[in-house]
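The values are calculated or read from the model by the stated rules, or taken from the named source; none is laboratory data. Everything numeric here is computed off the predicted structure, so don't read it as measured data. For neighbour counting, all protein chains shown are included, and Cβ atoms are generated from backbone atoms with ideal geometry for every residue, glycine included. Note: accessible area is taken over every heavy atom of the protein model, side chains too, but ligands, DNA and RNA are not part of it. Shrake-Rupley method; radii C 1.70, N 1.55, O 1.52, S 1.80 Å.
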Amino acid sequence: ESFSGYPLGAIAHIAMSEVVGFNAVIQEYPNYTCEIGGLYIAPQFRGVGITWPLKAELWRLMQVDYTGWRAITFTNPTSQPINRKLGFEEATVIPEEALALCASCSKKSKLPADQICCDVILEHHVN
């Protein structure tokens, strides 16, 4: 379902009332590329196994609405293994628009000259 202004999202509920997590397609780019981001798990529910089912549900929804697209996601050391389990691999092409926030990131000055982002950017084709 559309969530908080994002094109597509998955929401985790407890007793169908309290939202305890969400993950979403946060941006669509030219050439049928979309970005998955916006993963959030409420602090009191972290570490209890919500992340994997939430990401898997978003991926299931994407297979309906984004078939034929290429999904990218910016990953940190915590999220990278989960995304790789879903089949994501190192991104080969990154839309310039997706890197807009990287240019003004406070961590940019601390990166090696050949590194464009502090996150590892992964991709997966939606089938």
Tally time: how many residues in the range 75-85 are closer than 28 Å to SER17 by Cα and surrounded by 15 or more Cβ atoms within 10 Å (Cβ to Cβ)?
3
Apart from one, (1) under 21 Å from ALA24 (Cβ atoms); (2) at pLDDT 90 or above all hold for SER79; the odd one out is (2)
Output the residues belonging to the range 20-46 that are under 17 Å from ASN83 (Cα atoms), of a type in the set (Phe, Trp, Tyr) and open to solvent by 50 Å² or more (accessible area, probe 1.4 Å).
TYR40
Qualifying positions in the range 89-106 - farther than 14 Å from ASP119 by Cα and either open to solvent by less than 40 Å² (accessible area, probe 1.4 Å) or among the charged types (D, E, K, R) (or both)
PRO95, GLU96, GLU97
In the range 47-74, how many are surrounded by 13 or more Cβ atoms within 10 Å (Cβ to Cβ), out of contact with any Leu (no Cβ under 8 Å at 6 or more places or on another chain) and not hydrophobic (A, V, I, L, M, F, W, C)?
2
When you scan the range 27-118 for helices (runs of 4 or more DSSP H) that lie fully inside it, which ones turn up with 2 or more residues that are closer than 15 Å to ALA10 by Cα?
51-65
